[in-house]
Amino acid sequence: MEITNEIVERHGLKLEEYKTIQKLLKRDPNLLELGIFSAMWNEHCSYKSSRIHLKKLPVQGKKVIQGPGENAGVIDIGDDDAIVFKIESHNHPSYIEPYQGAATGVGGILRDVFTMGARPIALLNSIHFGSTTHPKTKSLLNGVVSGIGGYGNCIGIPTVAGETKFNETYNENILVNAMAVGLAKKDKIFYSKAKGLNKAVVYVGSKTGRDGIHGASMASAEFDENSEEKKPTVQVGDPFTEKLLLEACLELMKDDSIIAIQDMGAAGLTSSSVEMASKGSLGIELELDRVPCREDNMSPYEMMLSESQERMLIILEDGKENHARKIFEKWDLDFVIIGKTNNSKNLTLKYNNKIEGEIPVEILATKAPVYDRKWVKKKVIQKKIDIKQLKKIKLEDALIKILSSPNHSNKSWITDQYDQMVMCDTIQKSGSDSAIIRIHNTNKAIAVTVDSSANYCKSFPLTGGKQVVCENWRNLISVGANPIAITNCLNFGNPENKEVMGEFAECIQGIKEACEFLNFPVVSGNVSFYNGTNRKNIFPTPVIGGVGLIPDISKTLNHCFKKENNNILLIGKTFGHIEQSCFLKENFSISEGLPPEINLNNEKNNGETVLQLIRKNLVLSVHDVSSGGLLISLSEMSIGSNLGAKIYKPKKLANKFEYFFGEDQGRYVLEVEKANLDKVIKMLNDNEIYYENIGKTQVKNFEIESEFNIDVNDLFKINNQWYNNY
């Protein structure tokens, strides 16, 4: 077939990129080779627009075993145990076909973890939808939640934490980010680097079909009014087969049979073979007529570009083929030797004893284009909102409006669809600042959480990038965990737009500064560009997934008040920053101004001191102050415990709305018994930390002195009414 400009563009390649391919190959590619270039050179696989910025992120630390560049990141949690984790996007597929898009997103991230030798122990998610009044939102929400629950529940991995948010910016491009966490032994981590000559290249798992062809390319382009036509590019998942594949891989990993192993994820057999060969500076020859297919007359093009799920590529040591075959056949999975390694440094594709394609691996991997795209800094719009000029509203009414809004309502309707307790090691499930998972048969645990803040990042991406890292840090601290490392999923619009690229560059800078200061390195992640439809881009939405260590599970906390007549302390200074707040958004539909300032010194000092207080058993509950401000945090502590609180009339700030709804950062609410109050205050003073004693817990009512008094049961009903009625 003659390669025309139209065919090139249909493959998601620029004409200039095609000319580069011709120059590197010193000839024209055939259609199969063009398809392979389209898979490896697209944004989703090559990171061609983001790579120069991602290099700025801190990726090393004392606890880091493996940083970015492998299937997932790996950190050391002591006792020869390692945690393997990563977050990835499945945004475009989930918008086109929400159930399968979300389900295969979960399946794909699980394979990234167990291909490293780790048994998955937890799933998390960050899902963003359009306005609740948009005609598509309800069906997309139902489909995505069902897909996440369906896959995770069937394979038997607990879905323990996440976030669900609504904003009109996602009306035509939802976000579905899935995170998986696994447990492995430090000396049994498996990598994807090919080694040795004439080693068997083995295909294992499900058969190859025509689903998902061009899936990675589809994820590297904007939507338009014809997005529904892309349904064939969405993969179809089978969690029961994935469970078999998981167990078979982990069984084979008990000995020294495996040289390298790679999930067939985005770009399927193409990316897995190219990445393994590239990392090992080797060549790979594949006999495509040996590939197990579930459909008749599949062409080499379709086999190489299919993104059918539940498949792995393994390179085995000599003489281990029969041993490995028995394991996979026992688990009723395909096991076929489809090729071998060689020293050609080429990807050689044969079909019916004829070479159908041959490309130097280096061209596909390291010679992919890298763009330093033009970008502009966000213009700082200083706009102070004068609350006095707004329509008069009661403090109680403002609280009710926020608590009953889609973004702050109780989301148990969603989380109840997820099995959170399977595997029996979930100590604290969704609903608190972080979920807690016990390390099986030990007295230690890990805390895991995900966070995002699109409105802050849209307003001022540098500060927004810092804030989302700090929010994640505080959520881990609040349950008694020492934060170790993060993974990130960076969801942005079209990188060819200089404003979008500016949002990305400045967010990365903010993430970098916060991670460096907090010693909170990035060990894995994903970039998702082209989130938008018809040139309308989503708000910049970096999602941060964090992992922390709890050495002693008896020293864990949640955000629920424990008993009456305890002191309530507010840690950190309240300046009353109201711009970009939930208060203005929900009560007045105002989304203007800058996000609150981030003081990294205070973040670190406040957080480390709160962690010391938890470790010394001096506090009974902790909750960070974030979206919605102090009053929302206090309400959540009451609702979660069915205990009330009496909060004193503030003296430090003239405007009560700024005091109670301001979203100043670096703050925590602590519950402290009278017997420990002096010790806590001394430690705070010794560490030069600002605090206020703002009230006491009480039995039944949630009360702000001289303002309002609500029964906690009524507060609970208010918080549940939106989801109950949607």
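List of remarks:
- With a Förster radius of 51 Å applied to the C-beta separation of ASN353 and LYS536, the computed FRET efficiency comes to 0.50.
- Surface accessible to a 1.4 Å probe, VAL422 within the full protein complex, Å²: 40 Å²
- Straightening the chain between LYS649 and GLU16 buys 221.3 nm, computed as 0.36 nm per residue apart minus the Cα-Cα spacing.
- Calculated FRET value between CYS424 and ASN30, using beta carbons and R₀ = 51 Å, to 0.05: 0.40
- Mean-position separation - Cα centroids, the stretch 244-269 and the stretch 363-402, in angstrom: 42 Å
- Of the listed residues LYS651, LYS254, LYS717, the order by accessible area with a 1.4 Å probe, largest first, is LYS651, LYS254, LYS717.
- Accessible surface ranking that places the most exposed of GLU608, GLU163 first, with a 1.4 angstrom probe: GLU608, GLU163
- Segment SER146..LYS345, full-extension length gain: 67.2 nm, with 0.36 nm per residue of separation and the alpha-carbon distance subtracted.
- Pairs over the 30 Å Cα-Cα cut-off, from the set LYS193/LYS377; LYS62/LYS193; LYS411/LYS562; LYS604/LYS674; LYS394/LYS682: LYS193/LYS377; LYS394/LYS682.
- Area accessible to solvent at TYR690, 1.4 Å probe radius, in Å²: 80 Å²
- Net charge dipole size for the chain [Lys, Arg +1 and Asp, Glu -1 on Cβ; Debye, nearest 20]: 1580 debye
- For ILE65, distant residues with modelled amide H under 5 Å away: VAL74, ILE75, ASP76
- Radius, Kirkwood style, for the stretch 541-677 when every pair of distinct Cα atoms is counted (Å): 16.1 Å
- Radius 14 Å from Cβ of VAL672, net charge of other residues (Lys, Arg +1; Asp, Glu -1): +2
- The distance between label points at THR132 and TYR371 comes to 3.8 nm (points 7 Å beyond Cα on the Cα→Cβ vector).
- Modelled this way, with points 7 Å down the Cα-to-C-beta line, the labels at VAL699 and SER299 are 7.8 nm from one another.
- Between PHE708 and LYS186, the FRET efficiency estimated from the beta carbon spacing at R0 = 60 angstrom works out to 0.65.
- Using just its DSSP H runs of length 4 or more, each adding -39500 (n - 2.57), the chain gives a mean residue ellipticity at 222 nm of -10500 deg cm²/dmol after division by all residues.
- Residues CYS424, CYS470, sorted by accessible area with the largest first, give CYS424, CYS470 [1.4 Å probe; ligands and nucleic acids excluded].
- Compactness of the stretch 467-602, taken as the C-alpha radius of gyration over 2.2 N^0.38 Å, stands at 1.26.
- Listed residue pairs exceeding 24 Å between alpha carbons, taken from LYS458/LYS536; LYS195/LYS345; LYS199/LYS350; LYS14/LYS48; LYS616/LYS656: LYS616/LYS656
- 14 Å tail of the calculated P(r), the stretch 274-354, as % of Cα pairs: 68 percent
- Net length available on complete extension from LYS717 to GLU168 is 195.0 nm, with 0.36 nm assigned per residue and the Cα-Cα distance removed.
The values are calculated or read from the model by the stated rules, or taken from the named source; none is laboratory data. None of the values given here were measured: they were computed from a predicted structure. Glycine gets a Cβ as well: all are built from the backbone with ideal geometry, and neighbour counts include every protein chain shown. All accessible areas refer to the heavy atoms of the entire protein, side chains included, with ligands and DNA or RNA removed. Shrake-Rupley method; radii C 1.70, N 1.55, O 1.52, S 1.80 Å.
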